[in-house]
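The values are calculated or read from the model by the stated rules, or taken from the named source; none is laboratory data. Keep in mind the model is a prediction, meaning the values are calculated, not measured. Cβ placement follows ideal geometry from the backbone for every residue including glycine, while neighbour counts extend to all protein chains displayed. With ligands, DNA and RNA removed, areas are computed over all heavy atoms of the protein, side chains included. Shrake-Rupley method; radii C 1.70, N 1.55, O 1.52, S 1.80 Å.
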Amino acid sequence: MRNVLYAMLVLAACGKSKQAADDWSKTATKTIDASTGGVTFSIALPETWEPRKPPDEGWGPVTGDQFKRPYATVSNVSVDFASSLESAISAAGAKPEQVVRKEAKDGNYAITEVHEQKMIRATTFKKVGGSYLWCTAAQANDDGIASFDATKIALVNICDSLAAK
């Protein structure tokens, strides 16, 4: 009986440490400079994130299940992609019923989409001249996302930090 109790405690501890290891949301950030489509920008990313290996673009952690890792990407797209908040939601591929944040300010758009506790996608369109810098920071995990609310805030903060230089 005592061995069963010890085994249960060990398994519970392993589950908690795995959950804690998957929670990247409180990682300190670093600001990096990059460019896309001829536009230079800065963005604040978790300091443990690295550029993703081709064919993937953007940045993300290099450890953990590649299909459950968070990531961020930035592209330079035509202003035609987001001529209104509704078209920005459509261009981002967001399902309107899952959008929990939609803001329009000074020709820029910010959208956050969630699905249960399993998917978060933060998107911003920031106007730069005749185009937009389009940032997406997302994470999906069919088993649930560790520290869901903190992760949502961290992903939103990544795209909100995007600034043209």
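Data overview
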read-out	value
Residue in the range 77-95 that is closer than 21 Å to Asp23 by Cβ and modelled with pLDDT of 95 or more present	no
Count of the range 71-83 residues which are part of a helix (DSSP H, G or I) and open to solvent by 30 Å² or more (accessible area, probe 1.4 Å)	3
Test for Thr40: is it surrounded by 15 or more Cβ atoms within 10 Å (Cβ to Cβ), assigned to a strand (DSSP E or B) and polar (S, T, N, Q)	no
Test: residue in the range 98-118 that is modelled with pLDDT under 95, within 16 Å of the chain's Cα centre (by Cα) and small (Gly, Ala, Ser)	no
